[in-house]
Every structure is written in structure tokens, then in C-alpha cells.
Amino acid sequence: MLRSRFSAALYLVLVFLSGALVGGFTYRLYSVNTVTATVSRRLDPVEWRKRYMDEMRAQVHTDADQEAQINQILDETEAAFAKIRGGERQKYQEEQNAQIEKIFQLLRPEQRPLYTKLRAEREARRKSQQNRK
């Protein structure tokens with residue numbers, strides 16, 4: 001009688017532990033999948049501008065005067081974007097192209113190929129992010 005009670009208690013503990021183990025493993029598997037899921041978020045304008053200026057400084061080698069002028073161009077473009085109502089994609093594209101041309105014109109001749117390369121890299125990154133969606 002004592003032996004059968006001991007066996008029953010042992011089996012009960014083993015079933016409980018195996019349930020806890022499977023439950024813990026399942027929870028870990030579920031939480032890892034949901035936590036590692038990437039959500040693309042749009043950068044706020046301040047963060048975008050900081051990254052853009054960092055790229056310009058590092059890759060195009062802009063000086064302080066050029067950076068001030070680029071910031072002014074970005075301010076003008078931002079103001080122009082604010083005036084455009086949603087859905088007018090053509091006007092946004094025209095403003096963006098004007099911004100790119102203004103920045104290109106203020107760069108020194110040796111910086112222009114570097115800027116063109118930077119634009120191509122940014123465009124490739126943008127397209128790869130759109131393809132992932």
C-alpha cells in the first residue's frame with residue numbers, strides 16, 4: 001500500500017513537472033517570435049535630419065558653412081511640404097527634386113560624385129525597405 005501511494009505521488013510530480021517544462025518552453029518560443037518581430041517605424045523629422053546630416057558629414061565631407069546652407073534648404077523644403085495637401089505626390093516629388101538640385105549646386109565639384117553615390121545608396125535602402133513590407 002505504501003509503495004503504490006509513493007508511485008502515485010511520484011507519477012503526479014512527474015506529470016506536473018513535464019507540464020511546467022512544456023508550458024515554459026511554449027511560452028519562451030511564443031515570446032521570442034513576438035519580441036523579435038521587426039516593426040518599421042517612420043523617423044521623426046528631427047531624428048531624420050540628424051541622420052541625414054551625419055551621412056553628409058561622413059560621406060560627402062561637408063563643412064560647417066555647407067551644413068548651415070543644407071539645413072536652410074531642408075527648412076525650405078519642409079515648409080513647402082507643409083503647404084502641399086495629402087495625395088499630391090507629384091508636388092512632393094517636385095519639391096524633393098528641387099531640394100536635391102539645390103544641395104547638389106552648393107557642393108564643391110569633388111563632393112558631387114560622393115553626393116550622387118550617397119543618394120543612390122539611400123534610394124537602394126528605401127527600395128529594399130519597401131520590398132520587405
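Points to keep in mind about this one:
- Distance in nm between pseudo-label sites at Leu43 and Ala79 (7 Å out along the Cβ direction from Cα): 2.3 nm
- Sequence ranges 15-25, 50-60, ranked by mean other-Cβ count within 10 angstrom, highest first: 50-60, 15-25
- For the chain, the mean residue ellipticity at 222 nm estimated from helices alone is -27000 deg cm²/dmol, where every DSSP H run of n ≥ 4 contributes -39500 (n - 2.57) and the total is divided by all residues, rounded to the nearest 500.
- Read-out Cα extents along the principal axes in Å, derived from the coordinates shown; its label in (i) 54, 23, 23; (ii) 44, 29, 25; (iii) 95, 35, 24: (iii)
- Cα-projected label distance for Tyr92 with Gln72, points at 7 Å along beta-carbon direction, nm: 2.8 nm
- Principal-axis analysis of the Cα atoms of the chain puts helix 64-83 at an angle of about 80° to the longest axis.
- Extending 7 Å from the Cα toward the beta-carbon at both Ala120 and Ser7 defines two label points whose distance is 7.8 nm.
Taken together, the values in this text are just the output of simple stated rules run on the coordinates, not laboratory data. Just so you know, these numbers come straight off a predicted model, no measurement behind them. A quick note on method: Cβ atoms are made from the backbone with ideal geometry, for glycine too, and the neighbour counts reach across all protein chains shown.
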